[in-house]
Amino acid sequence: MPARSANQNVRLPDVSAKGKATLSPLADAADAAQPTEDGGSRTLRRGLQLLDAVLASGREGLRVVDLCRIAALERATVYRLLATLMESGYVAQRGRFRYVAGPRLSALAQPHATDGLAARLQPVLARVSAACGDAAFAVVREGAISHCIARHVGTHPVQILVIQVGTRQPLGVGAAGLALLAALPQDDVAQCIAANAAALGHYGGMTPERMTILVRATRERGWSVIGNHATSGVLAVGMAVHSADSEPVAGISVASTLARMPRERQQLIARAMRESLAALLPKGL
C-alpha cells in the first residue's frame, strides 16, 4: 500500500404576552390578500399563530392546553403543528410539557450568536488539539441538523479534516453531533432521528436503529465514539458542551484514522476534552 502524504486532508461535502396572542404581520397580510383560505394558507396561519404564542411566552414556555386555548384549536391539530415546528427547529420542548422558541429562532434573533460561540470554543479546540495532535471541531444544533462553527488543525503530519466550518449534516452522524444529540431530552432525540431517517443511509449505511443504539452508548459512557460512518476509515470522539444553565448547546470532537484511535487513546482524548472544558469554560458556554 503506498504511503500517505503528509498533511493529507479527508473532507466531506457540505450538506448544506402570555395567555394571549395576536397573529403575526405575515399572517395578517395573508388574510387580507386572500379572504377565502385554502388548506395550505389556513395551516400556515395556524402555525404562525402558535409560533407567536410560544415567542410571547418567553423562557417559561406554554403547555399544549395553553396553546389550544390561545389558538382555539383542537389538541390533535396543535400537536401536529408543533411536531412540524420542532422538526424545523423553530420550537423546542422544555421539560415534558412546555414549548419554547427553538434553536433556529434563537439564531435568527441573535445573528452573531454563532460567532460568539465559535470564539469561546476556539481556545478549547486549540487546547484539545495540542494535547492529541489531531484536528478538533465544534458544532451547534439547528433543528435536526448539526452545523460546524469552528475547527482547529493539529500538528500530526496526517490531519483528518472530516468537515469544515459551515458544514451541515444530520445531527448524530459525526462525533460532536452525536454527543450533542445524546445530551438532549429523549423526545428531542426521537424527533431528530425521525426527521433525518431518510438521509441517514448516505452516511456509511447509518440507520435510525443504529443511531438510537449509539445515543444510548454515548449516555452510558459520557462521551461519544463513532467510526466509519461520515467518513470511511475514520473514527472520532466527541463530548457535549453545556450552557451556564446546563442546557446542551454545542458539541466538540477529535477525528483521526482508525489506526490512531485504539480504545486507550479514545479515553485519553475524552479526558483532555473534559479537562479543557473545565479549565476554559468552568461555568459553561
When you look at residue 198, is it surrounded by fewer than 19 Cβ atoms within 10 Å (Cβ to Cβ) and either under 15 Å from the mean Cα position of the chain (by Cα) or in the same structural domain as residue 273 (by TED's automatic domain parsing) (or both), yes or no? yes
Output the residue which, of all residues in the range 216-232 that are touching a Ser or Thr at 6+ places or on another chain (Cβ under 9 Å) and either surrounded by fewer than 23 Cβ atoms within 10 Å (Cβ to Cβ) or among the basic types (Lys, Arg) (or both), is nearest to residue 186 (Cα to Cα). 217
Check off (1) of a type in the set (A, V, I, L, M, F, W, C); (2) in a loop (DSSP other than H, G, I, E, B); (3) exposed (fewer than 14 other Cβ atoms within 10 Å of the Cβ) for residue 213 and give me the number that stays unchecked. (2)
Those residues that are closer than 24 Å to residue 142 by Cα and surrounded by 20 or more Cβ atoms within 10 Å (Cβ to Cβ), I need them from the range 68-81; list them, please. 78, 81
Kindly evaluate residue 219 against the criterion of being assigned by TED's automatic domain parsing to the domain that holds residue 141, farther than 18 Å from residue 160 by Cα and touching a helix residue (DSSP H, G or I) at 6+ places or on another chain (Cβ under 9 Å). yes
By my count, helices (runs of 4 or more DSSP H) wholly in the range 48-158 with at least 1 residues that are touching a helix residue (DSSP H, G or I) at 6+ places or on another chain (Cβ under 7 Å) and modelled with pLDDT of 95 or more are 113-132
Given the options 277, 235, 285, 258, name the one that is surrounded by fewer than 21 Cβ atoms within 10 Å (Cβ to Cβ), in contact with a helix residue (DSSP H, G or I) (Cβ under 7 Å, 6 or more places away or on another chain) and either in the same structural domain as residue 146 (by TED's automatic domain parsing) or over 15 Å from residue 134 (Cα atoms) (or both). 285
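The values are calculated or read from the model by the stated rules, or taken from the named source; none is laboratory data. Please read all numbers here as calculations on a predicted model, not as lab measurements. Here the Cβ is made from the backbone with ideal geometry for all residues, glycine too, and neighbour counts use every protein chain on show.
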